[in-house]
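The values are calculated or read from the model by the stated rules, or taken from the named source; none is laboratory data. Fair warning: this is a prediction, and the values are worked out from it, not measured in the lab. Methodologically, a virtual Cβ is constructed for each residue, glycine included, from the backbone with ideal geometry; neighbour enumeration extends over all protein chains shown. Surface accessibility is based on the protein's heavy atoms, side chains included, excluding ligands, DNA and RNA. Shrake-Rupley method; radii C 1.70, N 1.55, O 1.52, S 1.80 Å.
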Amino acid sequence: MSSRMLLENPAGCAHAGKKEFSIVDFEADPNLQTRGGAGSIVYRNTVQTAKTEITLWNRVGMTPSTGETVNLPIADLTGMSGGPFPGIRLFPVVFDIDAGDVCEVWIYLWNACSGTEGKPFLCTQLGRVPLVTVTAEPPFVPPH
């Protein structure tokens, strides 16, 4: 059994670039809660037509001098999985488009922290997206 998706006038949105995030703690911080990720929104003629948001990290508590740094191509960003299946990919984004439509693509990074009051905790995010492409095709039905 396979799932099939029929789009009347499909378009695909892909991105070139890199995303980097780093978190580090300099003291024991058992109450720290931090999570963050990335997302994309596509507006077609000023109406939101597609949105994807993924979580890239979710940490509770840290020990002194621990952390992580991750540097990935934006096209490869995949959210955390909550089970046996892989997380969802951020790109490509697929949506319908018609001749004359105006599309606007937003790419964003997000982060939320709590329990860091008075603690030397540092979180940075950096995204570089020099190119966004939107490609339209004739009607498409993925094979079985």
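Determine, yes or no, whether Asn31 is open to solvent by 30 Å² or more (accessible area, probe 1.4 Å), over 22 Å from Leu122 (Cβ atoms), over 13 Å from the mean Cα position of the chain (by Cα) and touching a residue at least 12 places away in the same chain (Cβ under 8 Å). When the stated conditions are applied, Asn31 does not pass them.
Which condition number in (1) part of a strand (DSSP E or B); (2) in contact with a Ser or Thr (Cβ under 6 Å, 6 or more places away or on another chain); (3) open to solvent by 50 Å² or more (accessible area, probe 1.4 Å) is the one that Phe95 fails? Single failed check for Phe95: (3).
Residues considered: Gly61, Gly17, Gly36. Of these, the only one that is modelled with pLDDT of 80 or more, open to solvent by less than 40 Å² (accessible area, probe 1.4 Å) and closer than 17 Å to Leu126 by Cβ is Gly36.
Return the total of residues in the stretch 98-115 being open to solvent by less than 80 Å² (accessible area, probe 1.4 Å) and assigned to a strand (DSSP E or B). Here the count works out to 10.
Does at least one position in the stretch 123-136 carry a residue that is at pLDDT below 80, under 24 Å from Leu32 (Cα atoms) and touching a Cys at 6+ places or on another chain (Cβ under 7 Å)? Among the residues of the stretch 123-136, at least one is at pLDDT below 80, under 24 Å from Leu32 (Cα atoms) and touching a Cys at 6+ places or on another chain (Cβ under 7 Å), which makes the answer yes. Being open to solvent by less than 60 Å² (accessible area, probe 1.4 Å) and within 11 Å of the chain's Cα centre (by Cα) is the filter here, so list the residues in the stretch 39-56 that pass it. Selection gives Gly39, Ser40, Ile41, Thr52, Ile54, Thr55, Leu56.
Just give me the residues in the stretch 64-84 being part of a loop (DSSP other than H, G, I, E, B) and open to solvent by 80 Å² or more (accessible area, probe 1.4 Å), in sequence order.
Ser65, Met80, Gly82, Pro84
Here Asn111 meets each of (1) touching a Gly at 6+ places or on another chain (Cβ under 6 Å); (2) closer than 21 Å to Pro130 by Cα; (3) polar (S, T, N, Q) with one exception, condition (2).
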